[in-house]
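Student: Could you have a look at this structure, given as C-alpha cells, before my questions?
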Amino acid sequence: MGRTLAEKVWDAHVVRKAEGEPDLVYIDLHLVHEVTSPQAFDGLRLAGRTVRRPDLTLATEDHNVPTDALTITDPISLKQVETLRANCQEFDIRLHSMGDARQGIVHVIGPQLGVTQPGMTIVCGDSHTSTHGAFGALAFGIGTSEVEHVLATQTLPLVRPKTMAVTVEGRLQPGVTSKDLVLALIAQVGTGGGQGHVVEYRGEAVRELSMEGRMTVCNMSIEWGARAGMIAPDETTYAYLEGREHAPAGADWSAAVTDWEALRTDDDAVFDEEVFLDASVVTPFVTWGTNPGQGVALAAAVPDPAAMLVGSERDAAERALIYMGLTAGTPMREIAVDTVFLGSCTNGRMEDLRAAAEVVKGRRVADGVRALVVPGSMLVKLQAEKEGLDSIFRDAGFDWRNAGCSMCLAMNPDTLAPGERSASTSNRNFEGRQGRGGRTHLVSPAVAAATAITGHLTAPADLQEV
Amino acid sequence: MDAFTAHVGRAVPLRRSDVDTDQIIPSDWLKRVERTGFGAGLFSEWREDPAFVLNQERYAGASILLAGQNFGTGSSREHAVWALTDFGFRAVVSERFADIFRSNSLKGGLLPVQLARGEVEALMALVEADHSLEVTVDLAARELRAGDLVAHFPLDDFTRWRLMEGLDDIGLTLLHEQDISSYEQRRPARLPATRPAA
Ligand code: SF4
C-alpha cells in the first residue's frame, strides 16, 4: 500500500524501531527561543550533558523583545533573554539577537533563511512550529523536557501519529485569504478536531496558495488540535526556496528537487481521517469568542448560545460572550475596536504586509484607534522599507515597529489594557492572550487594515473608493 | 523522575472545556528561567474570583483535577504542567487532552487520565456530592476508582513502564547512541546546517 507524505518523512527519520516502544526519530532542525529553553539548558548542565548537534540548532529572540526599542527594560524579560545569550555562547549555538538583521520570530526566520526545507523534521519549543509544514516538512511543537532531549540527543522518542487529509476543493473568491480559509476550517472542525493527527492540506485551493499563504494555514493547525500540518512541496515551494541563504545550490539543488518530487502522498495511500471543505463558499472570516473555533463570517452576527445544540459548546459560548462583552445578534461589522495589530508568525510576512498596505494606501486610521504593524522578522522589515510600505503605513497613522512577537502574546510591552478590544492577525483569542482582560478578534491582514480605517470590523470590499 | 505507581487523593471539578494553557499559566509567568514556583500562577486570573472552584475551601488540598474536554489546548509551554504539579496536582482527568500538553504531562510527573465523557461526568457528580471522596488513580492497573465507579484509561505499555520505573527519557535514548551515530552517517550531506559542521 502507498504511503502519505507524513509517513514518508517519518519513515526516513526513524533511527531505531522496536516492538512495543515509540520510534526514535531523528530531528533535522531544532529551533530555539528564549522562553521555553532556559530550563532545558539547566537540565543539560545538571546531568553533565552537552548539545549533540549545535550545527542543526538555531536560536532567536522573539517573545520578550520590545518592538519599539532595542533595549529591554523589564528586568525579568531581560534576564530570560540574557540567559539565552549565555546558553548559546556556552553551547556554541548560532543566535540572532535583537538588532541583528536576521533576528525575528522563530517561525518566520527559518523559512526565510532557507533552513526550512521539504522532507525535514523540524521541532521547536513552540506550538506554532507547525508553520514549517508548509514546505512539506514534518514540523511540530514540543515541551521543554523534549527540548532538552533534542539538545542532548538530536532525536525524540515518538509514537507514530495518525494521518488526516483536509481537502479544500474549489477556489477562493477574490478578496478571500488563507487566513479566512483556516478560520473557517477551524469553525467547522472545532478546536480539538485534529487531535493526535498529522494533517495534510490538499486540493486545488491549497495548491494555488503562495508559500506565505500556506504558512498561515499550517501555522494554525495547532489551533484545531493537529500535531502538525503539511503541504506537499511543488513548484511554488521550489521557487520560494531557490537562492536562499541555506538552500542547496548547484548540483545539490537538482538532487534535492529530485528527492522532494518524491514527497507526495501516493495515490493508493489511505488517511486515517478525511475532511472536506469547499473553498468557494468561504468569505472573510473573524472570531467572536475566546478560542479560534468560535468564528463566523464577517457578514454574519454574533451567534446566540441558546441556539447551540451541544451543552459544553453552549456553556463555553455564554462564558465567551461575557468575557468579550458582546451580545448575541450584534452584526460583526458593528463591533468597534480600540487596537489593530498586524503581525505575528501567522501573518507577519511580506505578502501580509503588502496586502494590508494596499488597503491602507491613501487612507487614514480612524480617530482613537491604535494601529501597529510589526514585521515578523528584521529581513521582512528591511524588504518592506525597500518597497516603501513603511511610509504607506506611517502616512496612514500606523506605528511601524521592529520584529518580534509583539501583541500576539502579553510577554513584552505591547499589550491590551483590560476591556480593550483588538482586531489581530495573530492566531489566539484566548482570554488574556493579548493582555489581562483584553478582547481579541482574529482576522486576516486585509480585514485588519480595513478595520483600522473604519474603527470597526470591516472587509476591504466595504470601504469606499479613494 | 519520581516513580509513579498509584495515587490516592481528593478531586476538584473544573467544569470548563477547552481550558487553554494561557489560562493554566498566563504568559507573564513564562518569563521565569526556573522550573519551580509556578503554583502561585496556576489559573491566576480565574483565581481572582472568590467563587472559582479552586478557591473553595471544601476542595482545598485536592490533588486530582477533573476538567471538561480538550484540556491543555494552546501553547507548548511545559510551565502549565509545572504550575499544576507545583500547586499539588498529580493527575488531570479529561475526555480529551491536547497532544503537546499530554506529552509534557508524561514527562513531568502529572498523569493525564483520559476517560469517556460519561465517566468524567459521573466522576464530577460524585465529587460534587461528596468533596471528601477518595479517588484512586492506579497506573499499574490503568484504572481510576472512586466510590462505585471503576474506569479504565488508555496508556501505552512503554510509557506506563517508564513512569512506574521513574526512568529518565534522555538516559534511555542515550543507550542507543550507536544507532543515532549510524543514522547520522547515512544522512544526506546536502541537508542544511545552521553553521558549517565542526
Ligand atoms: S508570534 Fe505569537 S504564536 Fe508566533 S511564536 Fe510569537 S508568540 Fe508564538
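Bear in mind these aren't lab numbers, they're just calculated from the coordinates by the rules spelled out. Computed from a prediction, not measured in an experiment: that's the story for all the values here. A quick note on method: Cβ atoms are made from the backbone with ideal geometry, for glycine too, and the neighbour counts reach across all protein chains shown.
Student: Rounded to the nearest 0.05, what FRET efficiency do B:Glu45 and B:Glu177 give with R0 = 41 Å and r taken as the Cβ-Cβ distance? Could you check? It would help to have the intermediate numbers written out before the result.
Tutor: Numbers: r = 45 Å, r/R0 = 1.10.
So the FRET efficiency works out to roughly 0.35.
Student: How big is the charge dipole of chain A about its Cα centre, in debye rounded to the nearest 20, if each Lys and Arg gets +1 on its Cβ and each Asp and Glu gets -1 on its Cβ? Can you show the working numbers first?
Tutor: Numbers: 40 positive and 61 negative charges, 161 e Å.
With Lys and Arg at +1 and Asp and Glu at -1, about 780 debye.
Student: Let me ask another. Could you please rank B:Ser132, B:Ser75, placing first whichever residue has the fewest other Cβ atoms within 10 Å of its Cβ?
Tutor: Arranged by neighbour count, lowest to highest, B:Ser132, B:Ser75 become B:Ser132, B:Ser75.
Student: In the stretch A:93-244, what percentage of the DSSP-assigned beta bridges are antiparallel, given to the nearest 5? Don't jump to the answer; show the numbers that get you there.
Tutor: Details: 1 of 14 bridges.
The antiparallel proportion sits near 5 percent.
Student: Which distance in nm do the two modelled labels at B:Arg15 and B:Asp156 give, with both placed 7 Å along the Cα-to-Cβ direction?
Tutor: Each label point lies 7 Å from its Cα, and together they span 3.7 nm.
Student: Test of understanding: extend the Cα→C-beta vector of B:Glu184 to 7 Å, then name every residue of the stretch A:5-30 with backbone N under 19 Å from that spot.
Tutor: So the set is A:13-17, A:24-30.
Student: A further question follows. What does the net charge come to around A:Pro248 if you take all other residues with beta carbon closer than 15 Å to its beta carbon, with K and R at +1 and D and E at -1? Working shown, then result.
Tutor: Values: positive: A:Arg244, B:Arg187, B:Arg190; negative: A:Asp28, A:Glu242, A:Glu245, A:Asp252, A:Asp259, A:Glu261.
Counting the neighbours of A:Pro248, the net charge comes to -3.
Student: Quick check on the exposure proxy: order A:His128, A:His246, A:His107 from fewest to most C-beta atoms within 10 angstrom.
Tutor: Working: A:His128 29, A:His246 20, A:His107 33.
Ranking A:His128, A:His246, A:His107 by Cβ neighbours within 10 Å, fewest first, gives A:His246, A:His128, A:His107.
Student: Turning to a different aspect of this structure: Can you tell me the equivalent ellipsoid semi-axes for the stretch B:1-143? Use √(5λ) from the Cα gyration tensor, largest first, whole Å. Please list the in-between numbers first.
Tutor: Working: eigenvalues 92, 63, 42 Å².
Square roots of five times the eigenvalues give 21, 18, 15 Å.
Student: Enter the mean number of other protein chain beta carbons within 10 Å of the beta carbon of each residue in A:284-291, as an integer.
Tutor: Neighbouring Cβ atoms belonging to other protein chains average 1 per residue here.
Student: Which length gain, in nm to one decimal place, applies between A:Thr330 and A:Thr73 when the Cα-Cα distance is subtracted from 0.36 nm times their residue separation?
Tutor: Separation in residues times 0.36 nm, less the Cα-Cα distance, equals 88.4 nm.
Student: Could you give each residue of the stretch A:207-216 its phi-based ³J(HN,Hα) in whole Hz, using Karplus coefficients 6.51, -1.76, 1.60 with θ = phi - 60°, and x for Gly or Pro?
Tutor: 4, 7, 6, 5, 4, 5, x, 5, 5, 4
Student: Label A:Ser280 and A:Ser210 with points 7 Å out from Cα along Cα→Cβ: what is the distance between them in nm?
Tutor: According to this spin-label approximation, the distance is 2.5 nm.
Student: Divide by every residue of the protein assembly as shown the summed helix terms, -39500 (n - 2.57) for each DSSP H run of at least 4, and state the resulting mean residue ellipticity at 222 nm, rounded to the nearest 500 deg cm²/dmol.
Tutor: Rounded to the nearest 500, the figure is -9000 deg cm²/dmol.
Student: What does the structure give for A:249-261 when I average, per residue, the other chain Cβ atoms found within 10 Å of the residue Cβ? Please list the in-between numbers first.
Tutor: Numbers: counts 1, 0, 1, 4, 1, 0, 2, 4, 0, 0, 2, 0, 0.
Taking all residues of A:249-261 together, the mean is 1.
Student: A further question on this structure: Once fully extended, how much extra length lies between A:Asp267 and A:Asp252, figured as 0.36 nm per residue of separation less the alpha-carbon to alpha-carbon distance? Let's see the in-between values first.
Tutor: Numbers: separation 15, 0.36 × 15 = 5.40 nm, distance 2.81 nm.
Between A:Asp267 and A:Asp252, full extension yields an extra 2.6 nm.
Student: Right, another one. Please list 3J(HN,Hα) in residue order for the stretch B:162-179, calculated via the Karplus relation 6.51 cos²θ - 1.76 cosθ + 1.60 where θ = phi - 60°; whole Hz, with x for glycine and proline.
Tutor: Result, rounded to whole Hz: 4, 5, 5, 8, x, 8, 7, 4, 5, x, 4, 5, 5, 5, 10, 3, 4, 5.
Student: Once fully extended, how much extra length lies between A:Arg49 and A:Met308, figured as 0.36 nm per residue of separation less the alpha-carbon to alpha-carbon distance?
Tutor: Numbers: separation 259, 0.36 × 259 = 93.24 nm, distance 5.32 nm.
Residue separation times 0.36 nm, minus the Cα-Cα distance, leaves 87.9 nm.
Student: How high is the relative contact order of the stretch A:167-230? Use alpha-carbon pairs under 8 Å, at least six apart in sequence, and give a whole percent.
Tutor: Numbers: 83 pairs, mean separation 30.0, N = 64.
Contact order relative to length: 47 percent.
Student: Relative to the compact-globule scaling 2.2 N^0.38 Å, provide the ratio for the alpha-carbon radius of gyration of chain A.
Tutor: On the way: Rg = 21.4 Å, N = 466, 2.2 N^0.38 = 22.7 Å.
For chain A, the normalised Cα radius of gyration is 0.94.
Student: Per-residue Cβ counts within 10 Å, from other chains only, averaged over B:168-179: what number is that?
Tutor: Values: counts 4, 9, 14, 3, 5, 10, 7, 1, 7, 2, 1, 7.
That average works out to 6.
Student: Next up: Order these peptides, B:43-54, A:111-122, by their mean beta-carbon neighbour count within 10 angstrom, highest first.
Tutor: On the way: B:43-54: 14.2, A:111-122: 23.9.
Top to bottom by mean Cβ count within 10 Å: A:111-122, B:43-54.
Student: For a footprinting-style exposure proxy, rank B:Phe158, B:Phe4 by other Cβ within 10 Å, fewest first. Present the calculation step by step, with values, prior to reporting the outcome.
Tutor: Details: B:Phe158 15, B:Phe4 21.
Ranked by crowding around the Cβ, least crowded first: B:Phe158, B:Phe4.
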